[in-house]
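In what follows, a structure is listed as structure tokens, so that the remarks can point back to it.
The values are calculated or read from the model by the stated rules, or taken from the named source; none is laboratory data. None of the values given here were measured: they were computed from a predicted structure. Please note: Cβ atoms are built from the backbone with ideal geometry, for glycine as well, and neighbour counts cover all protein chains shown. Heavy atoms of the whole protein, side chains included, go into the accessibility calculation; ligands, DNA and RNA do not. Shrake-Rupley method; radii C 1.70, N 1.55, O 1.52, S 1.80 Å.
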Amino acid sequence: MSKVALVVGITGITGSNLAQELLKQGWITYGLARNPYIRMEGLLPIAADLLNPESLATALANIAPTHVFFTSWSRMDTEAENIRVNGAMVRNLLKALAPQKSVQHMALVTGLKHYLGPFEAYAQQGFLPETPLREEQPRLDIENFYYAQEDEVFAAAARDGFTWSIHRPHTVIGKAVGNQMNLGTTLAVYATICKETGRPFQFPGSEAQWTGLSDVTDARVLAKHLVWASTTESARNEAFNIVNGDYFRWKWLWPRLANWFGVEAKGFDGVIRPLEPELANDAPVWREIAKRHNLLEPNLDKLASAWHTDLDLGRPVEVMTDMSKSRKSGFLEFQNTEESFFDLFTRLRTDRLIP
């Protein structure tokens, strides 16, 4: 029987890299988004709004996926709204798919806020989780839209008889345009602006992040992990951390990123210097850079998500994860983090998104 994948959130970093991996492995692959029309040979686009049940019912009426990969989310102003909206997105999708009775497995991508909570939980309330983060750590006793999404999956799985897997990456490094969370491309754009204007490449985050251990997740590794878990018996009905497999300190990596762009690196100097206000007035600068170098995206906001980079690098605690559970179950993929960034920068340059 053919494997038929439905990738929800096809235009994002995770969704687009996952679709490429699925197509490479010979899967029939549908990609769902409000505007799913991206350049990818073999991809079958589905246009639908996850918050519109009628839209989903119509769009999915003749689709019978065996495997569903949910990689989408919507950022709202409060965590209560995040819970309402993002829970509904998962619920609406699975309700629309239920009549076909075709789904065998559902994979949900969340992240390390499962352990950290929303930013306010550890930044303002003094909550500092124990690291490395492990899957067996219990849910926090606070509002968290990841928990709401999980609960929707669990309920539908019990109702419709499919298996599930939960995937918790750290910051995902990969190419996407218009993505809500994109640290790698944000740093590439920031470094490019620094080079063009003569400004130093200033680390924007906290001392804990500068000196502490960290890790990230290459989108290509996450894609392989999603496919592996959806087709591996021992990975069914399990939650997994997924990162590259190495650790680093930003004080080690930051000068290397700066060197790739040929800019002056400046590290933590006792004060957090958020990137969002640093880039607030640079939209005209980026338009000029794009025009001069014939780049494809002149809109700074489509490439840089400074707010997310500030949240990641401003944490008052080092953050890294334990991968033992996946390793014991047979997932042995490894990716060097420095090369994750350099591969991304090279692709952004090749695709004419940075000069």
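A few remarks follow.
- Considering segment 319-341, the residues that are open to solvent by 10 Å² or more (accessible area, probe 1.4 Å) and among the polar types (S, T, N, Q) include one that is nearest to Ala229 (Cα to Cα), namely Ser329.
- Scanning segment 139-155 for residues that are within 22 Å of the chain's Cα centre (by Cα), under 21 Å from Ala235 (Cβ atoms) and either acidic (Asp, Glu) or open to solvent by 30 Å² or more (accessible area, probe 1.4 Å) (or both) turns up Arg139, Glu150, Asp151, Glu152, Phe154.
- In the set Gly184, Gly262, only one residue is in contact with a Leu (Cβ under 6 Å, 6 or more places away or on another chain) and under 29 Å from Asp351 (Cα atoms); that residue is Gly184.
- Glu333 being within 18 Å of Gly174 (Cβ to Cβ), part of a loop (DSSP other than H, G, I, E, B) and modelled with pLDDT of 95 or more: yes
- Listed by position, the helices (runs of 4 or more DSSP H) enclosed by segment 96-196 that each have at least 1 residues that are touching a strand residue (DSSP E or B) at 6+ places or on another chain (Cβ under 6 Å) are 113-116, 145-160.
- Restricting attention to segment 208-238, the residues that are open to solvent by less than 10 Å² (accessible area, probe 1.4 Å), closer than 21 Å to Pro132 by Cα and not small (Gly, Ala, Ser) total 8.
- Residue selected from segment 24-58 under the condition under 20 Å from the mean Cα position of the chain (by Cα) and among the hydrophobic types (A, V, I, L, M, F, W, C), by the criterion most open to solvent (accessible area, probe 1.4 Å): Ile38
- For segment 69-95, residues that are closer than 16 Å to Tyr30 by Cα and open to solvent by 20 Å² or more (accessible area, probe 1.4 Å) total 2.
- Taking segment 10-23 as the range and being surrounded by fewer than 24 Cβ atoms within 10 Å (Cβ to Cβ) and either aromatic (Phe, Trp, Tyr) or assigned to a loop (DSSP other than H, G, I, E, B) (or both) as the test, only Thr11 passes.
- Flag for Glu338 being among the acidic types (Asp, Glu), at negative phi and modelled with pLDDT under 95: no
- Exclusive hit being under 18 Å from the mean Cα position of the chain (by Cα), among the basic types (Lys, Arg) and not in a helix (DSSP H, G or I), set Arg352, Arg315: Arg315
- Looking only at residues of segment 296-316 that are among the aliphatic types (A, V, I, L, M) and open to solvent by 20 Å² or more (accessible area, probe 1.4 Å), we find that the one that is farthest from Glu130 (Cα to Cα) is Leu296.
- The residues of segment 156-207 that are at pLDDT below 95, aliphatic (A, V, I, L, M) and surrounded by fewer than 21 Cβ atoms within 10 Å (Cβ to Cβ), listed by number, are Val177, Met181.
- One residue stands out in segment 239-256 among those that are among the aliphatic types (A, V, I, L, M) and surrounded by fewer than 22 Cβ atoms within 10 Å (Cβ to Cβ): the one that is farthest from the chain's Cα centre (by Cα), namely Leu253.
- Odd one out for Leu344, checked against (1) farther than 30 Å from Arg236 by Cβ; (2) open to solvent by 30 Å² or more (accessible area, probe 1.4 Å): (2)
- Among the residues of segment 274-291, those identified as closer than 16 Å to Cys194 by Cα, among the charged types (D, E, K, R) and surrounded by fewer than 17 Cβ atoms within 10 Å (Cβ to Cβ) are Glu276, Arg287, Glu288.
- Cβ pairs under 8 Å, 6+ apart, first in segment 1-17 and charged (D, E, K, R), second open to solvent by less than 20 Å² (accessible area, probe 1.4 Å) and assigned to a strand (DSSP E or B): Lys3/His67
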